[in-house]
Amino acid sequence: MVSTIQNTDVKQKDADRAVVVAVTSRAVFESGADGDDVYGMGVAFPLLQALQRVNERLLEENPAESLLFDVVLITTDSQQQQQSSRIISSTRHYGLEVSRFCFSSEEDFVESLQKNNVQLFLSTDRNEVPQASQKGVLSALLDRQEAPSEQLRVMFCGDAVNRPDAGPMPASRQAAQSFSAQLGEMRQRFGMSDSPLSIVLMTSHGGRESCGGALRTLRSRGVNVDEAYCLAGAPLSPILSVVRPHFLLSDGFSGLED
Amino acid sequence: MSGQVKELKVSPSSNGDSRGSWEEKDEFDQDHLGLTTKPKLVTGRRARKVEGGVFFPKPENAVTIAVSSRVLFRTEREQEVYLQKGVEEYLRYQIEHENEPFAPGPAFPFVKALEAVNTRLRELYPQSEELFDIVLVTYNHAHVGIRLINTINHHNLFIERFCMTGGSSPIGYLKAWHTNLYLSADADKVREALAEGIAAATMFMTENLTEVSESQLRVAFDGDAVLFSDESERIFKAHGLDKFFEHERDNEDTLLDHGPLKGFLEALGKLQKKFYAKGHRLDCPIRTFLVTARSAASSGIRALKTLRAWGLEIDEALFLAGAPKGPMLEKIRPHIYFDDQMFHVEGAAEMGTVAAHVPYGIAQKHNLKQNSNVGK
């Protein structure tokens with residue numbers, strides 16, 4: 001059973017132009033003590049604020065801007081579903097710019113994503129992410145961050161993850177390409193410094209040609225990368241903890257490797 | 001800024017291709033910015049022979065040298081665009097000139113020599129990760145990335161790791177890469193690195209560079225406030241030469257405290273021992289020098305005792321007893337010379353040595369122009 005509720009507090013986005021990002025409510029809100037009306041802030045909370053800040057800046061540049069992030073909160077957790085009003089009131093309490101609430105079961109949440117034209121799905125659940133990905137929805141895993149930045153930091157991984165035989169689904173690759181192109185377009189609305197959005201490229205295995213190829217491919221899609229890290233086999237986590245991306249997109253980028 | 005760039009001799013690449021000397025054309029550019037030289041176009045990437053050995057060592061096992069793009073290459077023209085016209089125009093300019101490789105900068109001969117040592121190390125120890133690992137760490141935007149990669153290809157450098165931070169501080173990345181030495185044109189970044197315990201030095205472009213060895217890496221160090229702490233220099237600055245001599249004599253058997261580049265000398269020594277172990281002491285491709293204003297008979301003894309107690313060998317110790325360092329360095333021909341005093345850095349550069357400034361210790365509080373050649 002899938003149901004969608006509009007958030008009347010927030011102006012709805014242009015369905016043709018907006019970039020629909022679905023985030024699980026379990027990632028955004030933390031179940032606090034029972035009896036609290038309002039949930040605590042979860043792992044994805046800073047991310048939502050960063051998305052919101054990008055929208056604010058986009059509208060500052062152009063009040064008629066239609067290329068905005070359209071954030072949808074999706075609830076698959078049955079416990080949280082019973083508390084749908086609490087999710088909605090918490091959203092309002094924090095003034096989060098969420099335009100729709102989707103409620104579905106674990107079985108049909110991907111259907112819900114597809115129905116809502118979701119271009120990017122973000123979750124803390126390690127099962128949900130590949131599930132959505134396999135059905136062609138660009139997805140990324142969210143993790144707790146130390147000192148998350150105010151700037152939205154999106155990282156593209158130029159190497160395919162170690163799966164030499166099973167490449168990513170064509171549908172997912174398509175989704176990745178169109179999302180990256182939209183992100184690139186958004187990025188161009190801002191100058192070099194003081195941008196609310198930073199696009200980061202990392203190649204973990206290949207050498208400089210691998211990274212150079214990825215830079216060119218992204219540029220051909222209209223994506224101008226701000227930061228580039230070529231690791232050539234060096235361990236990822238020390239670098240990642242300095243880069244601090246909000247999420248990584250490694251799905252569907254096999255076109256970027258050498 | 002002078003009109004012509006003098007010829008800079010660059011050693012053959014480490015995989016044996018002969019390069020000949022890298023020359024700037026003598027023509028003057030129409031560029032209204034006042035900079036000369038015509039840019040060379042990338043002719044295509046040379047195939048690199050891949051011999052046996054490790055090529056991507058783990059950072060903690062390797063001797064990691066982080067260099068910024070402004071010291072590895074010459075980017076004065078682009079800096080001018082940045083300063084005169086701002087960052088947007090700077091990046092647009094870089095992209096427009098993407099297929100024109102940068103010329104070698106002050107750190108270039110040093111990096112080439114590191115690669116030559118690596119080739120020898122791989123021959124002797126094909127399984128070992130104890131190699132030099134060169135990482136380009138720049139706070140340039142990734143928009144400049146393709147031009148930098150084209151340039152690395154053009155000069156046939158083995159640099160496969162880089163961080164282009166798009167304007168944020170590179171210091172966190174230095175730590176993540178277990179950096180043993182950081183070379184940059186930006187003195188503030190260098191100071192930040194030193195404050196984090198990372199050996200670092202500021203480099204400057206010099207014209208009229210003397211030819212350096214193509215087969216042996218030669219690194220020269222000042223003593224006080226570079227290998228050793230600045231404690232003795234403080235005495236000299238506060239109380240004069242006599243008090244300095246007295247202090248050194250009284251404390252001859254007390255070890256000096258360590259300075260910011262001690263760790264790097266240690267890393268070089270470790271690699272040297274690997275050559276010695278295979279019978280290559282006489283023709284070791286790494287040679288180190290101490291070039292100090294201390295005197296051999298008196299204040300120098302404490303320096304030598306300290307090095308010995310640290311278990312560090314230095315191949316040649318030159319005690320100048322206050323004489324200028326330039327002529328001595330010109331004879332030694334190091335790929336790089338580290339000193340904490342700009343006076344000596346400039347003096348070395350005037351005589352064709354690539355000198356790097358270590359902005360550490362009491363000397364930084366003094367006027368750069370102060371005549372301090374009545375040394376220790």
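Report, by residue number, each residue of segment A:57-75 that is in contact with a strand residue (DSSP E or B) (Cβ under 8 Å, 6 or more places away or on another chain) and either surrounded by fewer than 16 Cβ atoms within 10 Å (Cβ to Cβ) or under 15 Å from A:N116 (Cα atoms) (or both).
A:F69, A:D70, A:V71, A:V72, A:L73, A:I74, A:T75
Can you tell me which residue is nearest to the other protein chains (Cβ to nearest Cβ) among those in segment B:138-169 that are more than 23 Å from B:K112 (Cα to Cα) and outside any helix (DSSP H, G or I)?
The selected residue is B:G166.
I need the strands (runs of 3 or more DSSP E) fully contained in segment B:170-236, keeping only those with at least 1 residues that are within 28 Å of A:M202 (Cα to Cα) and within 14 Å of chain A (Cβ to nearest Cβ). Lay out the reasoning, then the answer.
On the way: elements: B:179-184, B:200-203, B:217-221.
In segment B:170-236, B:179-184 are the strands (runs of 3 or more DSSP E) which contain 1 or more residues that are within 28 Å of A:M202 (Cα to Cα) and within 14 Å of chain A (Cβ to nearest Cβ).
Within segment A:17-31, is even one residue surrounded by fewer than 17 Cβ atoms within 10 Å (Cβ to Cβ) and in contact with an Asp or Glu (Cβ under 7 Å, 6 or more places away or on another chain)?
Within segment A:17-31, none of the residues are surrounded by fewer than 17 Cβ atoms within 10 Å (Cβ to Cβ) and in contact with an Asp or Glu (Cβ under 7 Å, 6 or more places away or on another chain).
Out of all the residues in segment B:233-262, which are surrounded by 16 or more Cβ atoms within 10 Å (Cβ to Cβ) and either small (G, A, S) or more than 16 Å from B:L312 (Cα to Cα) (or both)?
B:E233, B:R234, B:I235, B:F236, B:K237, B:F244, B:F245, B:H247, B:E248, B:G259
Considering only residues that are within 16 Å of A:V72 (Cβ to Cβ) and polar (S, T, N, Q), which ones fall in segment A:125-143?
The one that is within 16 Å of A:V72 (Cβ to Cβ) and polar (S, T, N, Q): A:S139.
Give segment B:95-113 a look and list any residue that's part of a helix (DSSP H, G or I) and either surrounded by fewer than 22 Cβ atoms within 10 Å (Cβ to Cβ) or modelled with pLDDT under 95 (or both), or say none.
If the condition is that a residue be part of a helix (DSSP H, G or I) and either surrounded by fewer than 22 Cβ atoms within 10 Å (Cβ to Cβ) or modelled with pLDDT under 95 (or both), then B:I95, B:E96 are the ones that fit.
Take the residues in segment A:212-236 that are of a type in the set (A, V, I, L, M, F, W, C) and more than 7 Å from every other protein chain (Cβ to nearest Cβ); name whichever of them is surrounded by the fewest Cβ atoms within 10 Å (Cβ to Cβ). Show your work before the answer.
Taking segment A:212-236 and keeping what is of a type in the set (A, V, I, L, M, F, W, C), we get A:214-215, A:218, A:223, A:225, A:228, A:230-232, A:234, A:236.
With more than 7 Å from every other protein chain (Cβ to nearest Cβ) added as a condition, the list becomes A:214, A:218, A:223, A:236.
Details: A:A214: 27, A:L218: 26, A:V223: 22, A:L236: 16.
Across segment A:212-236, the extreme among qualifying residues is A:L236.
In segment A:1-99, which helices (runs of 4 or more DSSP H) lie fully inside it and hold 1 or more residues that are farther than 25 Å from A:R144 by Cβ?
A:45-61, A:78-82, A:84-94
Would you check which residues across segment A:186-240 are touching a strand residue (DSSP E or B) at 6+ places or on another chain (Cβ under 8 Å) and on the phi > 0 side of the Ramachandran plot and list them?
Within segment A:186-240, A:A232 is the sole residue that qualifies.
Of all the residues that make up segment B:324-339, how many are among the aliphatic types (A, V, I, L, M) and either free of Cβ contacts under 8 Å to residues at least 60 places away in the same chain or part of a strand (DSSP E or B) (or both)?
Taking segment B:324-339 and keeping what is among the aliphatic types (A, V, I, L, M), we get B:328-329, B:332, B:336.
Now narrow it down to the ones that are either free of Cβ contacts under 8 Å to residues at least 60 places away in the same chain or part of a strand (DSSP E or B) (or both): B:328, B:336.
Residues that pass the stated criteria total 2.
The values are calculated or read from the model by the stated rules, or taken from the named source; none is laboratory data. Just so it is clear, the structure is predicted and the values come from calculations on it, not from any experiment. As a convention, Cβ positions derive from the backbone with ideal geometry for all residues, glycine included, and neighbour counts pool all protein chains shown.
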